[in-house]
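Here is the structure we will look at.
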Amino acid sequence: MPELPEVETVVRGLKRNLVGRKIVRFWTDWPRGVTPEPVKFNKLTRGAKITEVSRRGKYIQIRIAQKGTPRVILGHLRMTGVFGFGNWTVKKGQAWAGKEPVRHLHTVLFLDRGEALGLSDVRKFATLSLDSPENIKDFLAARLGPEPIYKLDSGRLLPSLLSRKAPIKNILLDQSFLAGIGNIYADEILWRARISPLRRGRDLKAEEFKRVLLSAKAVLRKAIALRGTTMRDFRDTAGQAGKYWEARAVYGRTDEACRRCRDKITRVVLGGRSSHFCKTCQI
């Protein structure tokens, strides 16, 4: 968490507010979350113009140009990272809003016109890295499978699926298989596809796998339309919560009635993560 719908929601907010802006300076009080180290990061971004914001899987790409040299700031929100805009100052090694220090705000890109983009992170797992577009492209290509919100050829992915003994739930969480799906939406996708999360990948029939891919597109697009899921920490760049939580079918609904057959939702643990499904209509 955040997963693809939450990251897409953030990217859309960043696009509206960042493209065309200039970076005045960079600040962080958490050097471990930044690559390269903060002084160099500041030097390579200071005065740069932001030209594009995009998403790949759960990664946020902010493309910049400094004196004709293109670079990409690659962000990952991990568990509790939140991007937002504000008017902050830095003193005593901490970010301040007016006369009050701001808790959990660890990284700030100060922009022209007196505004700033901040990255808050309660658990300090979020990361920012800066590199050339070519290196970032290679980095992502080596780690991420195709995007599930677009049309996919199930026949091309099927051989990889049929070679795997792992449960289909675990396969959906593998970012090298499909990019951007996390625990919440994997449960939702399999419920919509009527497939048990316990089924092994290699045991799925071709038509069942096609159903999973179609369900992935439908669930993720619906979640994007609802601006993602907020359980605790997630907020968009305007500080607003996502609305998918109210629309979810199975995730976090243990012992509640299935929205399709009215039997009880079951919770099991797969790979150390909770999985929610209906034993009656997911087979």
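Just so you know, all these numbers are worked out from the coordinates, no wet-lab data involved. What you see is a predicted model, and the numbers here were worked out from it, not measured in a lab. Here the Cβ is made from the backbone with ideal geometry for all residues, glycine too, and neighbour counts use every protein chain on show.
Values computed for the structure shown
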{"quantity": "MRE, 222 nm, helices only [DSSP H, n ≥ 4, -39500 (n - 2.57), over the chain, to nearest 500]", "calculated": "-8500 deg cm²/dmol"}
{"quantity": "Mean separation of Cα contacts under 8 Å, 6 or more apart, over the residue count of the chain: relative contact order %", "calculated": "18"}
{"quantity": "Where labels lie 7 Å past Cα in the beta-carbon direction, separation of Lys92 and Lys279 in nm", "calculated": "5.7"}
{"quantity": "Residues whose placed amide H lies under 5 Å from that of Lys264, excluding near-sequence neighbours", "calculated": "Cys258"}
{"quantity": "Net charge contributed by nearby residues that have their C-beta within less than 10 Å of Arg273 (K/R +1, D/E -1)", "calculated": "0"}
{"quantity": "Low-density loop cleavage sites - trypsin sites (Lys or Arg not before Pro) in the stretch 201-280, where at most 16 other Cβ are within 10 Å (DSSP)", "calculated": "Lys205, Arg232, Lys243, Arg259, Arg260, Arg262, Lys279"}
{"quantity": "Approximate spin-label separation Glu208-Asp29, in nm, with each point projected 7 Å along Cα-to-Cβ", "calculated": "5.2"}
{"quantity": "Cross-link partners of Lys243 among aspartates and glutamates (Cα-Cα below 15 Å; sequence separation of 8 or more within a chain)", "calculated": "Glu3, Glu6, Glu8, Glu188, Asp233"}
{"quantity": "For the stretch 31-44, 3J(HN,Hα) per residue [Karplus equation, 6.51 cos²θ - 1.76 cosθ + 1.60, θ = phi - 60°, Hz, x = Gly/Pro]", "calculated": "x, 5, x, 10, 9, x, 4, x, 5, 5, 4, 5, 4, 7"}
{"quantity": "Amide H contacts under 5 Å for Phe125, placed H, 5+ residues apart", "calculated": "Met79, Thr80"}
{"quantity": "Full-extension gain in nm, Lys165 to Leu140, via 0.36 nm per residue minus C-alpha separation", "calculated": "6.5 nm"}
{"quantity": "Kirkwood hydrodynamic radius over Cα pairs of the chain, then Stokes diffusion coefficient at 25 °C and 0.890 mPa s, in µm²/s", "calculated": "122"}
{"quantity": "Residues Cys258, Cys281, sorted so that the one with the fewest Cβ neighbours within 10 Å comes first", "calculated": "Cys281, Cys258"}
{"quantity": "Proxy reagent accessibility, fewest Cβ within 10 Å first, across Asp153, Asp29", "calculated": "Asp153, Asp29"}
{"quantity": "Whole-number percent relative contact order across the stretch 4-141, with pairs defined as alpha carbons under 8 Å at least 6 apart", "calculated": "27"}
{"quantity": "Candidate aspartates and glutamates - alpha carbon under 12 Å from Lys49, same-chain residues fewer than 8 apart omitted", "calculated": "Asp112"}
{"quantity": "Relative contact order (%) - criterion: Cα under 8 Å, at least six apart; region: the stretch 68-180", "calculated": "28"}
{"quantity": "The stretch 98-113 - phi-based ³J(HN,Hα) in whole Hz, Karplus 6.51/-1.76/1.60, Gly and Pro as x", "calculated": "x, 9, 10, x, 9, 6, 6, 8, 10, 9, 9, 9, 6, 10, 5, 6"}
{"quantity": "Chain lengthening between Val268 and Thr69 when straightened (0.36 nm per residue, less Cα-Cα)", "calculated": "66.6 nm"}
{"quantity": "Among Gln61, Thr28, Ser163 - extreme Cα towards positive end, dipole of the chain, charges at beta-carbon", "calculated": "Ser163"}
{"quantity": "Low-density loop positions, trypsin sites (Lys or Arg not before Pro), the stretch 89-160 - DSSP coil, at most 11 other Cβ in 10 Å", "calculated": "Lys92, Lys99, Arg103, Arg123, Lys151"}
